[in-house]
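Beneath this line is the structure, given in structure tokens, with notes to follow.
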Amino acid sequence: MTDDVLLVFAETISHLMVAREKLTGHGSRSYDELIALAIRKVDEVAPVNVSGAAHAKARELGLEKDLRQYCWFCQPQKRGMKDNGRTIFHWEHYTTVDEMAREVHLLGENPTPHDVLTVLRRAKIVWILKSENVELDKSGVRSRRMDPVAAYKDARIELMHDWDDCRRIPCEWHG
């Protein structure tokens, strides 16, 4: 994930935070939704990892490519992961959108793009199994996950790769 791309997201979110402070009530909530959406869309450039269980299931299903080469849009497609109904695999935000939004809001009403960039650098995606996601949710860290390492350890989800070895591998169909 390159900082020049993330910086565009960070600048946008910084402007949204400044504009948000001029509003009250429903208007500010709309900006909160826009900020969360901008953070969510960082997943399109974030590094992707894979749980060992998801990797094994992919091989069992005959998927030959590394799961990191698939994006969320590929999941239900026949030419992609063939997970019609999204019942097998789960595209998980390792550091949740809610957690990153909370961190952005803690920066105050006029955060610098550099400060927001620091938060966005935490964006990471993991392909896990739906069953692993259930275990993650049971531990009470569904949307607020201050310590993803501990949360994944508690849910017994083992990742295939060190994060230093992960980067966004653009999918063949959606970029």
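FYI, it's all coordinate maths here, none of it is from the lab. What you are looking at is a predicted structure, and each value in this text was computed from that prediction instead of being measured. Every residue, glycine among them, receives a Cβ derived from its backbone with ideal geometry; neighbour counts consider all protein chains shown.
Below is a table of values for the structure above.
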{"item": "Check: the range 3-165 dipole with +1 on Lys, Arg Cβ and -1 on Asp, Glu Cβ, in debye", "result": "660"}
{"item": "For a label point 7 Å along the Cα-to-beta-carbon line of Asp98, residues of the range 40-70 with backbone N under 16 Å", "result": "40"}
{"item": "Lys130-Glu158 pseudo-label distance in nm [points 7 Å out on the Cα-to-Cβ vector]", "result": "2.5"}
{"item": "CD proxy at 222 nm, helix term only [per DSSP H run n ≥ 4: -39500 (n - 2.57); per residue of the chain; nearest 500]", "result": "-13500 deg cm²/dmol"}
{"item": "Positive minus negative residues near Leu117 (Lys, Arg vs Asp, Glu; Cβ under 13 Å)", "result": "-3"}
{"item": "Out-of-range pairs (alpha-carbon distance over 30 Å; input Lys22/Lys130; Lys22/Lys138; Lys78/Lys130)", "result": "Lys22/Lys130; Lys22/Lys138"}
{"item": "Among Asn49, Asn110, Asn133, residue whose mean-square fluctuation peaks in a GNM of the chain (springs only between Cα atoms under 10 Å)", "result": "Asn110"}
{"item": "Ranking of Glu132, Glu64, Glu109, Glu103 by count of other Cβ atoms within 10 Å, fewest first", "result": "Glu64, Glu109, Glu103, Glu132"}
{"item": "Label-point gap, in nm, between Gln77 and Leu34 - each point 7 angstrom along Cα→Cβ", "result": "3.1"}
